[in-house]
Structure formats: C-alpha cells, structure tokens
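Asker: Here it is: the structure, laid out below.
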Amino acid sequence: METKHEICSPFLPRRNALRKTSAEIVSEARQSLRVQSTLRPFTPRDAQRQLFGRSSARTERDNRPPSTFSLHAQNFDASDSRPSSGTRLVPLDHKPKFPVECNTEDPSKTFPKPPTDPAEARKGLVGSRTRLLRAGSLTTLPPLEGHTHVKERLNAVPGQKQQSAKWVSSADHTTVPRKPGPRRTASESRLTQPGVDSGPTECRAERKTELVYGDNTTSTEGNAESLLWNDVIAPLLHQLESVAAGGSEASLDRLCDLCDGLHGTLAEADMLGRRCKRRSGILRTLFRLIDLNSARLNLHIAKLCLALCVSGNNLLNICKLIFQIGRSESNDILFQNNSIIDLLLDVLCNEDVPASGEALLYCVGTLKFLSGNAAVLRLLLDKNCISAAQKLLKKLCIVEDTNFTIAGHILVQLTATLRNLADHPESRPLFVSFSILPELCLVLRKHCKDQDVCTNISRIYSKLSSYSECRFALAQTPGCYQLFLELLSKHHQKQDLVVRILFTLGNITAKIDESRQQLFQCNSCMDTLLGLYNSYQRKDVSPHTPLQKCVPSSCRYPASSVSAQEADDVLVKLVRVLANMCIHPAVGPPLANNTTCLQLLMETLELRSVQESEELMVNVAATINNLSFYQEEDSPITRNELTIAKLMLKLVLSSSMDGMLEATRVYGNLSQSRDVREFIIQNKVHRFLVTLLDSKSAEMCFSACGVLINLALDPPSRACLSLEGASAKLVDCLRDLGPGDWQLAAHVCQAMWNLTGGGSETRLDTQERESLLEMLTTYSDEEEALKWTENEDVRDFHRACWESQFLPVAQKLMTGLQSPGLTA
C-alpha cells in the first residue's frame, strides 16, 4: 500500500513540488492556473455627428456648446488687422490743454457745437457713425474698388477676362460708376475708420481708392507690395466679386480656382499670415462669399482665412464654418483633397486655450468627425495628428479648470479623436513614442469627475491594452492602478466606463506578473472590486439571496440599474481580473482565503444559467479553479468543496463545451478530496468523464484524465470506471492523441497505472494489453516518438515533455503489464 500510495499521486501536485524543466512549468500551468481572456466591449458609433453624443453626461445647463448654428457673412468682423493686445490705457490724470486760445467773446469760433436739430443729427456723418456701430454685415462691407487704370492691368493677368470700369455693389449687385467725391473734412476723417462702410457711395469710393492704392511707403518692399496689389491681387479680388454676382453653378468652380490662385499668389509673395498690410480688404471679400453656402467654396475660404491668421471672433467663426462642413459625411472627400487639415493641426499647436478655447473646441470637434472616416484617419496619422494632440493635452492639463467648462469640453472632443486614432494599427507605436498613455492618466486625475472624459479615455485604454507595447507602457505609468480603482469607485454606476476599466486591468494582469501584485496591493483594491461585484450581481433574478449577509458593508455599492446583459458584461470582466490576479503566488493564497470573494462566485453560479450567461459562468468556474489551486485544510474552498462540486453540475450537464471543460478542471482539483470523489461517483459524473475521452480534443481529454487519475485511487471507483469501459477509451486516446501531446500521453499512462492498481491487478483483456504494450514500446523510442515534429523549437519542447513526464510513467506501466501471472 505504501508503494501504491507513492506511485498513485493525485492529479494536482502540491504547490511546493519541485519544477526542474520548462516542460514541467508548462504542465503545471496547464493543469491548474489559467489566464482568462474575453472580448473587448463594443462601442457603437453615434448615428449623427455632433459634439456630444446621446450618452453624454452634459446637459444644456452645463453650458454645453451647440452642434448646430447659423453662420453668415455678417457674423464676421470687418476689420481684423491686428490682434488685440488686451491692455487698457490708463486715464490721464490732468486736464488736456487745447492748442488754441479760448475766445471768451465768441466761443463758437473756437469749439464746434453739436447739431441741435434731431433730424439733422440723423443725416450725413452721424448716419455714417450709426452704420459703423452695427455688426459687420454683408450689406455694410464695402466693395473693393481700384484705380482707374486697373481695367488696363486686368488684360495683363493671364486667364482673366476684361472688366468694365463699373463695380458691383455687395448690397444689391448693381453697378456704381466711380465718381470723384468731395474731399473729407478733418471731422469726417475722425469719424470714419479705414476699411469700414462710413457714408455715401461717393465718399466710400474716394476713401477706398486712397486706402488701397495710396502709396504711403517709401521702402522698396512697400513699393513692391503696392505694385503686386495693384497688378495682381486687386484684380483677383475684383473677379471674385464679379463671378459671385453671377450666381451660376459653374461659377462655384471658378470661385474655387480664384481662391486657390489668390492663396498661391500671397504665398509666393510671402504675404500670408499678418504680413500683408491690406489683409483686411482680402478678408472682407472672402467673408462676403460665405453666403453663397457652398461647402466646397467655404472650405477654400476657410483655408485662406486660416493662412491669413485670423483671430478672435473671426477665428471662432472660421472654425465653426469648418465644423459645419465636417458634420456631413458626404463632405469628407473635400477634406482629403484640401490642405485644410494641416491648418487645423496648426491651430491645435499654436492657439492658447484661455484666448481661443471655443475655436479650439470646434476645431477638435471637426477632427473627431473626420477621424471616423478610414481614409481621412490614415491622412491624419500621416500629418502627425497624434503629436499635435499631445501638445494640446499638455496645454489643457495646466489650465485651471472646473467641471464642464471649456477645457473639459475640448478634452471630450480630443479624447474621442484619439479613441478613433487608436483603431489604426500604425497609431499604436505613436501612442507610445509620444507618451500619450501617461499623459491621459494625468488628464484622468484632473478631470476624474467628468464622466465623458473618463469614458473616452477608458475606451482608448481598452483598445490599446490588447497590444503588448501599449500594455507595458500603461503598466509602467506610476499610480495607474490606484487611479483606476478610484475611478471605479467614483463612477461605479456608469457601466460603459466600469466595464472598460475592468477590461484594461484584465489585459494588464493577463500578461504582466508584477501588475497582478501591484494591483492587489493598492488601497481598497478588494473592497472596490468586490463592491462592484455585489452591485452588478443581479440578485433580483432569485427570490432568496442567502449569501447577501456575507458581503461586508465596506464592499457594498447601491445595486446597479443596468440591463441583464450589461451587468453580465461587467461581471465577466471583473471575474477575469480576479482570475488573473490570483496567478501570482503572493496574491493567490490571500485571495483564496477571502470568504466574500468565494461566496460571490458561488452566488453567481447559483443565480445564473449557462444558457443566458455562458461566458460569465465559464469565467467564474475558471476563477474557482485557480483559487482551488491554493486550497488548504481550513480554507473557504475546502469548507465549501461539496457545494462547489454540486454547482459545477450545471456546467457539466450544459451544452457549452467551454463550460464542460472548466467544470472538469475544477473537478480535477477538488477530486483530491475523498468526499468529492464519492460525490462524483454517486452523481454518475464519472460516466460523463469517460465519455469525454471520445471528444478528440486534447484539452478535454487532458482534463478528464486528471479527474480519472484521482478517482482511480479508490478501489470501489476503479470498478465503476472499468464498467464504463474507461481502459479501452484511454488506450484509444493514447493512440490518437499521444504522439502529438506527450503531457496528455503521460496523463493517460498515469490513469492506466492507477486503474490497474499500480500493476498489482489488471482490468485489461489480452488484446488491450498487447496493444497498449506495443504502443508504449514504440513511444519509448526517442527517434520514433519525435519523428512527427519538424519544427526545432517545438521539437525541443516535445523532447523535454517526453523525457520528464511521459517516459518515467510509461516505463513503469510497461513493467507492470509485463509482470508474470497477470491474467485478463
């Protein structure tokens, strides 16, 4: 009996067994602890393109910027000559002295009096002042007029038609001849501003002529700019207005070509940006074209306006204009054929959040829309969009911000753009090289209350953590595990956020052993995870919940109100984290002794069915299997082993092959106990295990053999197994699967050794015995055993398994079968 006990070891070796070869290490992992995997949560795309989707936590009360608005030429500022300094002038402390002497006898000769008649105040220059104070509208922007010799110069511009000396008014498209107007007085000059509508047509024409063509510069550069303006730019602007007045469909193509020609001319002359002294005249002409309401033309206009470095309200409106165009998927092709994306990325890199926050919002919102298109997504990567996003992230992180203000709104758009970029395989090295993943952790810490920002970042992590380089970059971010746990606790009711953070943690703990321990050692790790487990358990599916009292108050959150499928999705990811964590030798024992954890797992098996929650049931069984690897005499698993064995029957008797496999593995560990072995025989589970040997699945046969090894320790159980034909099926299994899997072949030989009582008795007929001896003799020859393996790396592994696991037990079995006196 002592010899038999030494040879007939249980299926599962103890943790302190020596492991000398790589084959034994792999074998141990195969027998017991197993990493769990699951599918990434699916994120449906919004049906419509808008700043904030239907699932957004933002409401109108949160000052949420609109996704729809009307935009016309009158919304733009007429003058955009230079950016505002933002500095107010200090009032003078003294009274100014007038340069003229005060005439006390006739004060009217010294100081002009305002008109006393109200009717008179509404005429002349006062009317001009009234128009000046209005918002810059389409009708008040003056047409560009030129010198009388422009007509001759138009003939010298290639591709341009001759124009008459009459000009088109922007108000009613009527022609107004140029007439010399009266010279303005000093007071009129003080009341009017350059480039702004200020009076009758005749005065405007004279003033405009002086502004555009007056040469006040003495430098060579100024003269050259004036000549270029008079000879090329002014005629182009005139053609833009003339073609726009035509209103035909063919004129849109001509307008787009003219905009491109104007852009090229300004670029060649180095007059883009704010270097052009007459840029306000160019902008006025471009703004008037916006009312033609052509997406293609507006994109050309926007590109030219951004190249001219518009600022303030004009920058905001241009970004809104581009945003409007990008809202329609049919316009995505326009962005592919236009360099506007480069200018949008420049806005991200160069504009400050406090000064141009709303413009940045609509700019990034456009990029979010475009990144949903696969072709444009490729273009964004080529233009280094991730680098621009990283620069904006850094600026947003230093902005003093509260919840639901402009920085938070921008982050929603930016993180959604990065979420789309993460879909492309070539983006993943860029996320690592530009340190986007650690940067997003900083954003999470600062905006931990913003559910939209947190959800978008969790989507990025759930996508990228499936890939090794991104997973390691995230795992090495200091404090990320504690941050994730805090987010889970703070937003425990937001299912789409919770499920993605858990999926990310599951990916990290599946591959990185150090991460399992680091996560477990975080403050309130198990309280947070078990509290979520209890919250999403869906106890309403059963009339009684006997295990509720076992959950301590520190692990309780309010019950989740999500659907059954959403609750199961959370538990699948959460249980996977538990299963992966307990693989670490420093985490497994305390987790196996956590009564609350085991009770929640058992409760899930009791409340759920395989038909409605197959993946969850399989993951729970795998977690219990991992925990049972660490069972001790007084552990919670040992105390509840019969209850667990009973719950496993739901999986064994189901139609789920994965469920059967995991339940069989659990029985392999639990069957070390005599009570569990008796339970298996009494409930006829051994019949099912013998049947699994016909599955032709190496994994299924391996697990079934493990249970049979333990069952065959008891003489009564051997008789039951023999009646079910276990020996014949084991021989067939060895013949069919043994040469390709020497770990499985070793298990089959061990089961046969225990089934025959270690050679002291035999339950094989003569044919089975001779067939088995012939196979064992062949398989014991190294050349014959390894001739099926061609790959050298796999060949070394198979040789190690063959030498350390199969050969010793096969030789002992051969010796026992060849003993004299054994009869059939």
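The values are calculated or read from the model by the stated rules, or taken from the named source; none is laboratory data. Just so we're clear, the structure is a prediction, and the values are computed from it rather than from any experiment. Cβ sites come from the backbone with ideal geometry, for glycine too, and all protein chains shown count toward neighbours.
Asker: Out of region 405-451, which residues are under 16 Å from the mean Cα position of the chain (by Cα) and basic (Lys, Arg)?
Answerer: Those that are under 16 Å from the mean Cα position of the chain (by Cα) and basic (Lys, Arg): ARG419, ARG428.
Asker: Grab the helices (runs of 4 or more DSSP H) fully contained in region 233-293, keeping just those with 1 or more residues being without any contact (Cβ under 8 Å) to a residue 12 or more places away in the chain and surrounded by 15 or more Cβ atoms within 10 Å (Cβ to Cβ).
Answerer: Values: elements: 234-246, 250-268, 279-289.
Of the helices (runs of 4 or more DSSP H) lying wholly inside region 233-293, those with at least 1 residues that are without any contact (Cβ under 8 Å) to a residue 12 or more places away in the chain and surrounded by 15 or more Cβ atoms within 10 Å (Cβ to Cβ) span 250-268.
Asker: Kindly check whether there is at least one residue in region 312-319 that is more than 19 Å from ASP352 (Cβ to Cβ) and under 39 Å from the mean Cα position of the chain (by Cα).
Answerer: Taking region 312-319 as the starting set, the residues that turn out to be more than 19 Å from ASP352 (Cβ to Cβ) are none.
No: zero hits.
Asker: Right, another one. Among the residues of region 358-375, which ones are surrounded by fewer than 20 Cβ atoms within 10 Å (Cβ to Cβ), in contact with a helix residue (DSSP H, G or I) (Cβ under 8 Å, 6 or more places away or on another chain) and part of a helix (DSSP H, G or I)?
Answerer: Hits for region 358-375 are GLU358, ALA375.
Asker: With respect to LEU418, determine if the residue is within 20 Å of GLY479 (Cα to Cα), modelled with pLDDT of 95 or more and surrounded by 20 or more Cβ atoms within 10 Å (Cβ to Cβ). First the steps, then the outcome.
Answerer: Details: within 20 Å of GLY479 (Cα to Cα): no; modelled with pLDDT of 95 or more: yes; surrounded by 20 or more Cβ atoms within 10 Å (Cβ to Cβ): yes.
Considered against the rule, which asks whether it is within 20 Å of GLY479 (Cα to Cα), modelled with pLDDT of 95 or more and surrounded by 20 or more Cβ atoms within 10 Å (Cβ to Cβ), LEU418 comes out as no.
Asker: Any residue at all in region 474-483 that's aromatic (Phe, Trp, Tyr) and not in a loop (DSSP other than H, G, I, E, B)? Spell out how you get there, then give the answer.
Answerer: So the first thing to find is which residues in region 474-483 are aromatic (Phe, Trp, Tyr), and the list is 481.
From the residues that got through so far, the ones that are not in a loop (DSSP other than H, G, I, E, B) too are 481.
Yes, region 474-483 has at least one match.
Asker: Which count do you get for residues in region 504-542 that are part of a loop (DSSP other than H, G, I, E, B), polar (S, T, N, Q) and touching a residue at least 40 places away in the same chain (Cβ under 8 Å)? Walk me through how you get there before you give the answer.
Answerer: Just the residues of region 504-542 that are part of a loop (DSSP other than H, G, I, E, B), to begin with: 512, 521-524, 536-538, 542.
Next cut, polar (S, T, N, Q) only: 521, 523-524, 537, 542.
Okay, now just the ones that are also touching a residue at least 40 places away in the same chain (Cβ under 8 Å), so 523, 537, 542.
Looking only at that region, the number is 3.
Asker: Regarding GLY740, is this residue over 30 Å from LYS684 (Cβ atoms) and modelled with pLDDT under 80?
Answerer: On the way: over 30 Å from LYS684 (Cβ atoms): yes; modelled with pLDDT under 80: no.
Against the criterion (over 30 Å from LYS684 (Cβ atoms) and modelled with pLDDT under 80), GLY740 does not qualify.
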